[in-house]
Amino acid sequence: MCSAEGAAVLNVFSSVMKYQGAKQDAKITQANNTIARREFDRGYLNDLTQIDDNKQDAKDERLANIVKNKVEKINAMAKQLNLNVGNAGVIMKDIGADYQFTEQDNDRAYGIDMKTAFRQENEAWASYVSSINNLPMPYEPSKLGLAIDIAGAGVQYKRDQKTMK
């Protein structure tokens, strides 16, 4: 049979080991969270880079469409004027109206691309924040809890001493 002193020592040792284990678990959780945050940061920055690339592609496409539309307008006007098909003012007005419709379509498509990019930025941020918020919180054990456990071992020791007499 175990003595009261042996049981007290075992209880104190067990309390200290439990405290140190919880402290180690907190350090591991904190280290894992730090690594995860770095990965979340990297992923978020990659998302933003891709979104910025898409925005630039949309700007480039818009510019290319503007230039293409202007060239087509000039060519159409030159063709009609060279054919001497009618009133030059009417020809320019007619081709100018087609040009405006094409430009409106171009601007509308660009606006949709920008709205998509802004939505993607918001989604990337929400995903980033959600990921950070879902990390487990490290539980740092309290020294007061350890002291209470050790005090409990002392109380148990006193009880054990009384029952062994």
- Which condition breaks for Ala153 when tested against (1) surrounded by 14 or more Cβ atoms within 10 Å (Cβ to Cβ); (2) at pLDDT 85 or above; (3) closer than 30 Å to Gly21 by Cβ? (2)
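When you scan the range 120-137, how many residues do you find that are of a type outside the set (A, V, I, L, M, F, W, C) and exposed (fewer than 15 other Cβ atoms within 10 Å of the Cβ)?
Matching residues across the range 120-137 total 7.
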- Message: Checking the structure you have, find out if any residue of the range 98-111 is within 25 Å of the chain's Cα centre (by Cα) and at pLDDT 70 or above.
- Response: yes
- Considering the range 113-165, residues that are more than 36 Å from the chain's Cα centre (by Cα) and among the polar types (S, T, N, Q), and then whichever is nearest to Gln56 (Cα to Cα), we arrive at Gln156
- Note on the structure: Checked against (1) assigned to a helix (DSSP H, G or I); (2) modelled with pLDDT under 95; (3) aliphatic (A, V, I, L, M); (4) in contact with a helix residue (DSSP H, G or I) (Cβ under 6 Å, 6 or more places away or on another chain), Leu63 satisfies every condition except (4)
- Task: Would you tally the residues in the range 33-72 being surrounded by 14 or more Cβ atoms within 10 Å (Cβ to Cβ) and among the hydroxyl-bearing types (Ser, Thr, Tyr)?
- Result: 1
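The values are calculated or read from the model by the stated rules, or taken from the named source; none is laboratory data. Bear in mind that the values here come from a model prediction, so they are computed numbers and not experimental data. Because the Cβ atoms are built from the backbone with ideal geometry, glycine has one as well, and the counts that use them run over all protein chains shown.
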